[in-house]
Amino acid sequence: MIGSGGRIGGRGAGFLWFVIALALLVGHGWTFRFVIDDAFISFRFAENMLNGHGLVFNRGEMVEGYSNLLWVHLSAFGMKLGLDPLLWARIMGTVAMAIVLALIPGIVGILAPRATETSAIPGRSAQVLMAAIGAGACWMLSGLETPLFTLWAVLAWRMALKRNPIGAGIVGVLLVLTRPEGPALALIFTIWAMAPGGSDSLMHNLRRWLGLLILLLGIAVFFIWRHDVYGWWLPNTYYANTGDFAGQLKTGLPYTLSFLLSYMLSLAVVSGAAGMGGGFSTLKPRDTLYGAGLVIFWLVYTTVIGGDMLGMFRFFVPILPIMVIGTVALAAEAGWLSRPLSAAVFTLVLGLALLPASFGGKERRLVSIHMSEANLGGWILAGDAMAAQLPRGTVIALGPAGYIPWRTGFKAYDFYGLVDPEIAHKDMEFTHGYAGHEKHDGALVLERRPDYILIGNVDITDQPRTKLIPPLNREVDIVTNEEFQKNYEQIYLPVAGGKYLNLFRRKGS
């Protein structure tokens, strides 16, 4: 059956394949059962905004401790409707990735018009391959803005390929509002959309520059607003996570290498083989070059800022659809997807090559570790117990600044400066090997005189500790401080499951 546009299968078959790919993606994501603690930082800002306290973490303290303004506002919208914030965030993430899947066949068609003129197979292959990549599936349900940022990146790329600079500029503003990396990506895609390839009419030339003007105006307004409200040109999270180039490379290089081995190697080998098999001859050379340059830029950028200590490549998710679509377009133009059987074999083999990172290896272990009782599982127990047993007005200090401050509503100081500009702007050597968790200042934390301090990344045990809670190496400057040893005593609180939260209380608090 020939459907609309001369494609085999028609709209009904296309929708069925989309549903299959989305079901595979959601099922894949559910195997991780992943929630990131940082999502609750965004929820806390959203909650304070809804309650009339402004975009703040602690009431009265103007610190941009989030890096996703648009996501915070969207989270607040769901909370205003009475929805659980994590459920709402997962719905938004799923919708964003569903739109990405829906856009994929059209973009494959732009890149490989000859191969897709009478066949929808390449687009459907790309949809299934995207569902096979664990990084996108994992972060789709994490609660953070990664899938939304990915959607804007794919949309802006489509605008660039279509030589639509106004569309690229508008979507670029959304990129800027969603992530700190947004301005760089937005400028790349908008300038790409201005490249030769569209109409040469006067109106088109005016539209080219109008798109760039829209983007630059959006960037200027946003940065001026940020500086006026918070006093800095970049978010506090940027300053907290950077500051030692050599130390950033120590974590960034292994992070990027792991990504290369998990995903990029397979895609690059297939792309190279398809290109030598004739795929390069029919693709637009300028767009191919721009796309390769974008991927290289993103690899270098992520390496330089130090990557991420969390699993499944959060920082690389936005470029994964671009890599998958580019690979499939090359294979299609090389004739590898011209028949259903060869397309099925291609999709199956490449999909199996992309799957191992989802079920084993370093990245999967990092996800499991984050969800364990040593991390988020324990933080949930601790937050629930502290909210029930400690009085309002309590002040706490801790490392994980997400679920516990959000759940308790207590004034909270984090050890690593995500919501503390004084720690974030400190100059120090990165020696611990934990991206984004290097800066600390125990004396400064103690100056704030918190009522309770959680040491040891939050310490949950089967029986109350009778000896000192083992501190992380970034917490040693707290427990060895004379002020701490003189004024704090170790206590415990019962938590769910018959276990205990061990922590320190300021004497007389």
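A few remarks follow.
- Share antiparallel - DSSP beta bridges, region 372-506, percent rounded to 5: 70
- Length released on extending from Thr466 to Arg59, taking residue separation times 0.36 nm less the Cα-Cα span: 142.9 nm
- Using only alpha carbons, region 128-243 has a radius of gyration to Kirkwood radius ratio (Rg to Rh) of 1.05.
- Over region 253-312, all Cα pairs binned in 5 Å intervals from 0 give whole-percent P(r) values of 4, 16, 21, 23, 16, 11, 7, 2, 0, listed from short to long.
- 0 to 90° range, to nearest 10: angle between helix 39-50 axis and the chain longest Cα axis: 80
- Degrees separating the helix 146-161 axis from the principal Cα axis of the chain, which is the longest one: 30
- Loop-located trypsin sites (Lys or Arg not before Pro) across region 12-116 with a Cβ neighbour count of 14 or fewer within 10 Å are Arg33, Arg59, with loop assigned by DSSP.
- Angle of helix 121-131 to the longest C-alpha principal axis of the chain, folded into 0 to 90 degrees and rounded to 10: 10°.
- R0 of 35 Å, Cβ-Cβ distance Arg33-Thr118: FRET efficiency to nearest 0.05: 0.25
- In a fully extended conformation the segment linking Ala102 and His227 would gain 41.2 nm over its present Cα-Cα distance, using 0.36 nm per residue.
- In terms of other Cβ atoms within 10 Å, Ser42, Ser342, Ser258 run from fewest to most in the order Ser342, Ser258, Ser42.
- The spread of Cα positions in region 372-506, taken along each principal axis and listed from longest to shortest, comes to 42, 29, 29 Å.
- Packing-based exposure ordering (other Cβ within 10 Å, fewest first) of Arg407, Arg448: Arg448, Arg407
- Whole-angstrom gap from region 53-103 to region 287-335, using each part's C-alpha centre: 26
- Per-bin percent of Cα-Cα distances, region 209-299 [5 Å]: 2, 10, 10, 13, 14, 13, 14, 13, 7, 3, 1, 0
- On full extension, the segment bounded by Asn487 and Ile369 gains 39.2 nm, given 0.36 nm per residue less the C-alpha separation.
- Across all Cα pairs in region 1-145, the calculated P(r) in 5 Å bins from zero up to the longest distance comes to 2, 10, 16, 15, 13, 11, 10, 8, 7, 4, 2, 1, 0 percent per bin.
- Model label zone, Ser509; criterion: amide N under 14 Å from point 7 Å along Cα-to-beta-carbon; scope region 369-387: 386-387
- Two-decimal Rg to Rh for region 284-325 - Kirkwood Rh, Cα set: 1.04
- Quarter of Cα convex hull surface for the chain, i.e. mean projection, nm²: 24.9
Bear in mind that the values in this text are calculations on the coordinates, not laboratory data. Predicted, not measured: the structure shown is a model, and the values here were computed from it. Neighbour counts run over all protein chains shown; Cβ positions are idealised from the backbone, glycine included.
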